[in-house]
Amino acid sequence: MKIEEKNIEVDFALAEEIRNRSGENVFLCYQCKKCAAGCPNRKFMDSTPTELMRKVQLGMVDDAMKDNTIWYCLSCQTCSARCPQDIDIAHVVDTLKIIVQEKGVKADTKNARLFNGIWMKMLRFTGRIYEVGLTAMLNVFTGNPFKDMMLGKKMILKGKLKLMPSFKRTSEMIKMFKRAKNLKK
Ligand code: SF4
Ligand code: SF4
């Protein structure tokens, strides 16, 4: 649906797609900024969660999809818990991630997208995050294989990081990934 008035055109297609996929209605957002105020990663984001919601409301599709915001989201759910309108903002962000990947939108996300991909694969394989492996793979794929090597060594020696991964894949997780794969098909 589109609304045109005095040369201003608002395209609701993205908001509608998000609603169809996630059940979340971004138009309930009245820009109170409680989500942005609680977001632990907002200082690294192109747009705060509040601004992202506004961009989706206004049909600023390119901006919403190319912002690094969705890739810098930690899925901590703080925004969703704080929203007085009961909007599950983290779910909106996850839905945007899926849409962006399906559409193959390219954005300068400073490797956040690559990080996200490795993170998910590792989680699928081990059942929990293996920091040493994650950092090593990210360094290799970004052409900087020895980055933070000395720091990593110190942290391993102090017992802050584990050299080897621990495998904690539960049957629930296996089911979850299987279901996600089927949904993708
Ligand atoms: S879920 Fe994402 S957007 Fe929401 S508060 Fe956490 S990091 Fe910020
Ligand atoms: S907390 Fe909810 S209503 Fe407030 S700005 Fe964020 S999304 Fe909008």
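The values are calculated or read from the model by the stated rules, or taken from the named source; none is laboratory data. What you see is a predicted model; the values in this text were computed from it and never measured. So basically every Cβ, Gly included, is an ideal-geometry build from the backbone, and we count neighbours across all protein chains shown. Surface accessibility is based on the protein's heavy atoms, side chains included, excluding ligands, DNA and RNA. Shrake-Rupley method; radii C 1.70, N 1.55, O 1.52, S 1.80 Å.
Leu74 to Phe177: extension gain in nm, 0.36 nm per residue of separation minus the Cα-Cα distance? Taking 0.36 nm per residue and subtracting the Cα distance, the gain is 35.2 nm. Rounded to the nearest 10 degrees, the inclination of helix 13-22 to the longest alpha-carbon principal axis of the chain is 60 degrees.
Report in % the part of the accessible area of segment 77-185 that belongs to carbon and sulfur, leaving out ligands and nucleic acids; probe 1.4 Å.
Whole-percent figure for carbon plus sulfur exposure: 59.
How much length, in nm to one decimal, is gained on full extension between Thr170 and Asp94, taken as 0.36 nm per residue of separation minus their Cα-Cα distance? Don't jump to the answer; show the numbers that get you there.
Details: separation 76, 0.36 × 76 = 27.36 nm, distance 2.26 nm.
Roughly 25.1 nm would be gained on extension.
Across segment 1-80, the convex hull enclosing all Cα atoms gives 101 Å³ per residue.
Simple point charges give the picture: +1 on the Cβ of Lys and Arg, -1 on the Cβ of Asp and Glu, and for segment 112-184 a dipole about the Cα centre of about 280 debye. Remark: accessible surface ordering of Cys39, Cys32 (largest first) is Cys32, Cys39, probe radius 1.4 Å.
Its alpha carbons give segment 112-184 an Rg and a Dmax of 14.2, 43 Å. Compactness of segment 77-146 is given as radius of gyration and Dmax, 15.0, 46 Å, from Cα positions.
Against the main long axis of the alpha-carbon atoms of the chain, helix 131-141 sits at an angle near 70°.
Return one number: the angle in degrees, 0 to 90 and rounded to the nearest 10, between the long axis of the Cα atoms of helix 112-126 and the longest principal axis of the Cα atoms of the chain. For helix 112-126, the angle is close to 60 degrees. Here's the list of lysines a cross-link from Lys33 could span, going by alpha-carbon distance under 17 Å and ignoring same-chain residues fewer than 8 apart: Lys43, Lys55.
Across the alpha-carbon set of the chain, the Rg to Rh ratio works out to 1.02, Rh being the Kirkwood radius. Given +1 at the Cβ of Lys and Arg, -1 at the Cβ of Asp and Glu and no other charges, the dipole of the chain around its Cα centre is 1340 debye to the nearest 20. Surface analysis of the chain yields an accessible area of 67 Å² per residue, using protein heavy atoms and a 1.4 Å probe. Spatially, segment 116-151 and segment 90-114 are offset by 19 Å when compared through their Cα centroids. Model label sites at Glu16 and Phe125, defined 7 Å from Cα along the beta-carbon direction, differ in position by 4.2 nm.
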